[in-house]
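Structure first, then comments.
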Amino acid sequence: MKYSLGIDAGGTYTDAVILRNSDEKIIETNKALTTYPDPITGISNALDGLDESYLKSVKTVSVSTTLSTNSILEGTGFPVGLILIGDFDFKQDLPTKYYIQVSGGHNHKGGEKAPLDIESIEDFVYQVKDKVSAFAVSSFFSNRNPDHEEDVREWINLVTDHPVVCSHELSQDLGAFERATTAFFNAQLIPVTDKFMHTVESEIKSRGMDARIFMLKCDGSVVSINKALEKPIESIFSGPAASLVGGSFLIQNGTCAVIDVGGTSTDISVIYNSVPQMSDTGAVVGGWETMVKAIKMETSAMGGDSHIWVKENEVYFGSGRVIPLCRAAVIYPDFLNLLKRNPIPPVNLESENYQPTRFFIKSGYEPLEIDKEEKEIFDAIKDEPTSLSEIKDRINKYPSRKLLKSLIQKRLVQPIGFTPTDALHVLGDYTERNVEAANMGAESLASLTRMDDKYQFCEYIKREFTKNMASNLVSFFLDGVSESEIRKSFDIDSPVKYKIDIPVVLIGGPVSAFSEKLKEIIDAEIEVPENSSVGNAAGALSAKGMRRVEILIRRTSIFAPGWDYYVFSENGRVECHGYNEALEYARKLGESIILDYMEDIGLDPDHIQIDMDKKEIIPNGWDTPMESRVVVLGLATHPGKA
């Protein structure tokens, strides 16, 4: 008997699922807490709870994760040096302080617009190479000619061991700024993904499993471990993609909407006839537009581990992930005593960081770059939970919010605080961790509001969280309607309800606690399937092989006589004589890339369907197109991996 193993390493929990290949039935599951900064302990704990006899017969391991997404959302990625070549139009501030813009780049036909200023790039690289973990290079119209990006990468590889990411490898779409940010985040995620995937690989081998390892991409397809390390940006929404595919698999319905409640975020997506709905634009994460093809998704930076705090009697939901009090009390034996002693802040000092439930710990990462003021605060924080008042006593002043935020974003410090998960512990809806710590935190925060007691306080949090889920769901389907306006409608006492005509599947640890309140707010078939708490791991296993190749065919000149065409693809630029020759080249190239992908993930070429679609622009009086956009799509007709 052969089995498959699914692993999902989320921001809070690491899940493991064993699937029997013969009938695709889930036969065993386990959950464990995700561990930081090294996830190996969490992965190992999740696998420890599975039957060894099944594990020894596992032939396929498929992985999904929200770690990369959370890294961008929380601003905790590794530092990257960004090199911009050509005339960039900055739509917003760049995501890094280590960048340079130099002359160079190409025009829309691929011709050199200006010589590459390699001398300035050399100076920049020498200045920052000891301050960054990777480099990203983006040249103007590199999707038409990547020569300048390739030249820069070749030179950087001579003087550093840092990874170098070129934007033309990630997208062929127009949009220089978006390609640059995509390359930046890809470079930023390389250390995170490299550590994660090698951790998985070493754990699998150490248990004697002779299995191929795959990773889920953000479009719902799978990729081999080596390919995943080349383009980690494509895994940014692999967690939500897994929950979508997993939700559909668990209810055995190819059409449904899925609400995935994670530790850091809540994600909404939909699948029709077993095909995920794709976004018309690149994935947007943390306010940044990218060129990554992903499922259409509505994301809220509110999850089960979002920080809840109080100021001037008002309750706030923070966007960053914290360690819940109920979990901290399990990890740190003396935490309950620390929580009892932590003082109630004066009203004039109330802030997100100064709360009776707020603590900080060192994460275990070594500081790569830290200034004198940050180091003073960092040294005052211990490996055990440290309160703001303790930091004040050690440095003789309150630490600045800006510096604390910087230490958190650099992954040097992890915060602890009250969360929606703690509220569910107080209400008895979910009691997997330490209930006493959650109760103590609720009592402290409730005393800072006008609410009667901790139960009213926690019911309010649960109700607001559910309304947020509902508004995200409705907003997903109502394009063009402001989510804020939709959210306001849930605060109005009215007999009017929104109706959703497809099943709505809830995925995540404690989601069953929200199902009844969600039914009160919207008219929909709400399903919490068996194994919903490990839906992402199930989705990683049930995903199919899929590869999309986008190619642009364009006349070499619209003025000069002749019929030559350029073919632009992820492999570069090729010139063809005549449109038919260019179209045939594009078809063969697309098929070749798809077959290489399918072979890499171990699929039989006899079970692959390849289709080609093209959109042509033919001016009046022309016999052949001026431009044609070709999409070659390959789909595995059988989900199993060899």
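A few comments on the model shown:
- The stretch 383-403 and the stretch 576-601: distance between their alpha carbon centers, rounded to Å: 59 Å
- Cα-only Debye scattering, the stretch 491-642: base-10 log of I(q)/I(0) at q = 0.09, 0.16, 0.18, 0.20 Å⁻¹: -0.55, -0.88, -0.99, -1.12
- Placing +1 on the Cβ of every Lys and Arg and -1 on the Cβ of every Asp and Glu, with no other charges, gives the stretch 20-162 a dipole of roughly 460 debye about its Cα centre.
- Cβ-Cβ FRET estimate between K131 and S512, R0 fixed at 51 Å, reported to 0.05: 0.65
- Net length gained if the chain between S53 and E436 were fully extended (0.36 nm per residue, minus Cα distance): 134.1 nm
- Our analysis of the stretch 82-189 gives Rg over Rh at 0.92, with the two radii drawn from alpha carbon positions and Rh computed by the Kirkwood formula.
- Note: relative contact order over the stretch 302-366, using C-alpha pairs below 8 Å and six or more positions apart, is 29 percent.
- Projected over all directions and averaged, the alpha-carbon convex hull of the stretch 295-363 occupies 6.4 nm².
- F477 versus F88: modelled label distance in nm, points set 7 Å from Cα along the beta carbon direction: 4.1 nm
- In summary, the stretch 363-435 shows an alpha-carbon radius of gyration equal to 1.34 times the 2.2 N^0.38 Å reference for compact globular proteins.
- Once divided by 2.2 N^0.38 Å, the Cα radius of gyration of the stretch 191-319 becomes 1.22.
- Note on K129: lysines with a C-alpha under 21 Å away, same-chain residues under 8 apart excluded, are K97, K195, K372, K410.
- Within a straight-line Cα-Cα reach of under 16 Å, K488 can be paired with the following lysines, leaving aside sequence neighbours fewer than 8 residues apart in one chain: K467, K497.
- Model label sites at T281 and D429, defined 7 Å from Cα along the beta-carbon direction, differ in position by 3.3 nm.
- Sequence of D383, D493 when ordered by accessible area, the most exposed leading, probe 1.4 angstrom: D493, D383
- The eigenvalues of the Cα gyration tensor, multiplied by 5 and square-rooted, give the chain an equivalent ellipsoid with semi-axes of 42, 30, 24 Å from largest to smallest.
- Spacing of the modelled spin labels on N273 and I617, each 7 Å from Cα toward Cβ, amounts to 3.0 nm.
- The phi-based Karplus calculation (6.51 cos²θ - 1.76 cosθ + 1.60; θ = phi - 60°) puts the 3J(HN,Hα) values of the stretch 610-627 at 10, 10, 10, 10, 9, 10, 9, 10, 10, x, 4, x, 8, 8, 10, x, 6, 8 Hz, whole numbers, x for Gly and Pro.
- Relative frequency of Cα-Cα separations exceeding 27 Å in the stretch 1-144, percent: 50 percent
- You can think of it this way: the chain between K2 and D371 has 127.5 nm of extra reach, that is 0.36 nm per residue less the Cα-Cα gap.
- Per-residue ellipticity at 222 nm, computed for the chain from helices alone with -39500 (n - 2.57) per DSSP H run of at least four residues, works out to -10500 deg cm²/dmol.
- Other-chain or far-sequence residues with amide H under 5 Å of F418's (modelled H): I308
- Cβ-Cβ distance of H607 and N396, R₀ of 60 Å, FRET efficiency by 1/(1 + (r/R0)^6): the value works out to about 0.30.
- The value obtained for the stretch 549-602, namely the Cα convex hull volume divided by the number of residues, is 58 Å³ per residue.
- Gyration tensor verdict on the stretch 129-246 (Cα atoms; rounded if a/c is under 1.5, prolate if a/b is larger than b/c, oblate otherwise): oblate
- Relative packing of 540-549, 296-305, 111-120, 54-63, which averages over residues the other C-beta atoms within 10 Å, highest first: 540-549, 296-305, 54-63, 111-120
- In straight-distance terms, cross-link reach from K588 covers every one of the lysines whose alpha-carbon lies under 17 Å from its own, apart from those fewer than eight places away in the same chain; here that gives K614.
- Theoretical gain in end-to-end length, D596 to Q409 [0.36 nm per residue, Cα-Cα removed]: 63.5 nm
- Whole-angstrom gap from the stretch 94-154 to the stretch 306-367, using each part's C-alpha centre: 43 Å
The values are calculated or read from the model by the stated rules, or taken from the named source; none is laboratory data. Predicted model only: the values in this text are computed from it and were never measured. Heads up, the Cβs are rebuilt from the backbone with ideal geometry, glycines too, and the neighbour counts pull from every protein chain shown. When the accessible area is computed, the model is the full protein with side chains, heavy atoms only, and any ligands, DNA or RNA have been set aside. Shrake-Rupley method; radii C 1.70, N 1.55, O 1.52, S 1.80 Å.
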